[in-house]
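Encoded as structure tokens, the structure appears first; notes follow it.
Since every read-out is calculated from the coordinates, none of them should be taken as a lab result. Note that this is a predicted model, so its numbers are computed, not measured. With ideal geometry, Cβ positions are generated from the backbone for all residues, glycine too; neighbour counts draw on all protein chains shown.
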Amino acid sequence: MNRANTDFEFDDDAPLLEVTDLEVTYRTRSGGLVAVDRIDFTVDENEIFGLVGESGCGKSTVAQAMLGLLPSNGEVSAGSIEFRGVDLTDLEKRELDTLRWEHVSLISQGAMNSLNPVLRISNQIVEAIQAHRDVSTEEARERTAELFEMVGLDPGRMDDYPHQFSGGMKQRAYIAMSLALDPDLIIADEPTTALDVIVQDQILKRLKELRDELGISVIIISHDISVIAETCNRLGVMYSGKLMEYGDLRDIFANPYNPYTLGLQNAFPTLRGDQSDLISIPGSPPDIAALPEGCRFRARCPFATAECDTAHPPLEEVAEDHYSACYHHERIESMRTDAQRRRTWERLRDDATAGTAAVEDADD
Ligand code: ADP
Ligand code: MG
């Protein structure tokens, strides 16, 4: 049934996905920009892995690198991305085209708006199936109806055009398409960002159920830590091309070790009380064309000291399957308490407006 012939062979004993020392560089007129800077993570069978961080941190770049879908000026400049033991960065385009949809599906950021407006949704899914499988249109339509049911859409609507669907329905249709060829891993880049909270919740629940029913793994990428909190088993918190905190989600939420994670937790409503409790992290991530020498989060961190200017801190194991990159893990108890106070973060804003580089002695 499989049309394409491939030169790679999976190793069933290898982890589902193992990203090692991954570096991605974009060529620009002013030189190379390192958007993903030597990160490591693994995703296991039947796991939902979350990748979270503010806009511009490199999350979509990681997703695109996995399937060879980087923009033409982007390249994996170091490291490897092994899927069942096959390094995807070594594959040719033809091989990646085979792997995509069959083994790994990417629901890219804004995918639901990329459905072809002049084609019936059923025809788009049938086309995707027939591009990979030698099946009749009737068989492909049957599969499409089955996929509609899987994602909670009425198969009676499969011949509709995209404009007849709401945003949530379009996203479900795109998820249906991504499942068409039984992949083992789905990467969903900001799958619910444009949707209202209730629809977001339904879609995330559905992804979770699909994980259970089909035994697949999912990577959910989001700037919103509350989306990740309710859906994932494991988590990577990204900042400015680096992983700041990584590992078991429950442990990270119960015992966060990284000031950036503490800041993200304050900034989203469902995790801590109501809207009035929201405290945003002042400022924005550094320009990747002019990165500071020290910790990437240094300028926005209320707990930074002179040590943080030396170099970006390495990830350290702080508990089982729990890693954080910070020089101040030994002060974590007081940092957790202070991070919940609005004043802690506002002081940083005040200092920035006053023209001071950052708080020098804020915590000594
Ligand atoms: P995220 O998905 O976390 O918002 P991205 O992966 O889209 O972040 O972008 C990471 C960084 O790479 C950003 O600083 C962005 O401006 C830069 N970037 C993305 N695409 C390109 C490109 N084609 N050329 C140059 N820089 C890019
Ligand atoms: Mg993105």
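Things to note:
- Principal-axis tilt of helix 342-353 within the chain, Cα atoms, nearest 10 degrees: 80
- Cα→Cβ-extended label distance, 7 Å offset, between ASP248 and THR28, nm: 4.0
- Centroid-to-centroid separation of the stretch 333-348 and the stretch 149-214 [C-alpha atoms, Å]: 39
- q = 0.16, 0.24, 0.25 Å⁻¹, the stretch 189-264: log10 I(q)/I(0) [Debye, one scatterer per Cα]: -0.62, -1.19, -1.24
- Angle between the chain longest axis and helix 137-150 axis [Cα atoms, degrees, rounded to 10]: 40
- A simple packing score, the average count of other Cβ atoms within 10 Å per residue, orders the peptides 19-26, 129-136 as 19-26, 129-136, with the highest score first.
- Distant alpha-carbon pairs in the stretch 17-232 (separation over 27 angstrom), percent: 32
- Treating r as the C-beta distance of ASP11 and ALA194 and R0 as 35 Å, the FRET efficiency rounds to 0.35.
- Rounded to the nearest whole angstrom, the semi-axes of the ellipsoid equivalent to the chain, taken from the Cα gyration tensor as √(5λ), stand at 39, 23, 18, largest first.
- Here the spin labels are modelled as points 7 Å beyond Cα on the Cα-Cβ line, and at ASP44 and GLU127 they lie 4.0 nm apart.
- Straight-line cross-link partners of LYS242 among the lysines, defined as a Cα under 22 Å from its Cα and at least 8 positions apart when in the same chain: LYS59.
- Computed from Cα positions, the angle between helix 197-214 and the longest principal axis of the chain comes to roughly 60 degrees.
- Approximate spin-label separation GLU138-ASP212, in nm, with each point projected 7 Å along Cα-to-Cβ: 3.6
- A simple packing score, the average count of other Cβ atoms within 10 Å per residue, orders the peptides 198-209, 36-47 as 36-47, 198-209, with the highest score first.
- The helix-only estimate of mean residue ellipticity at 222 nm for the chain, built from DSSP H runs of length n ≥ 4 each weighted as -39500 (n - 2.57), is -9500 deg cm²/dmol after division by the residue total.
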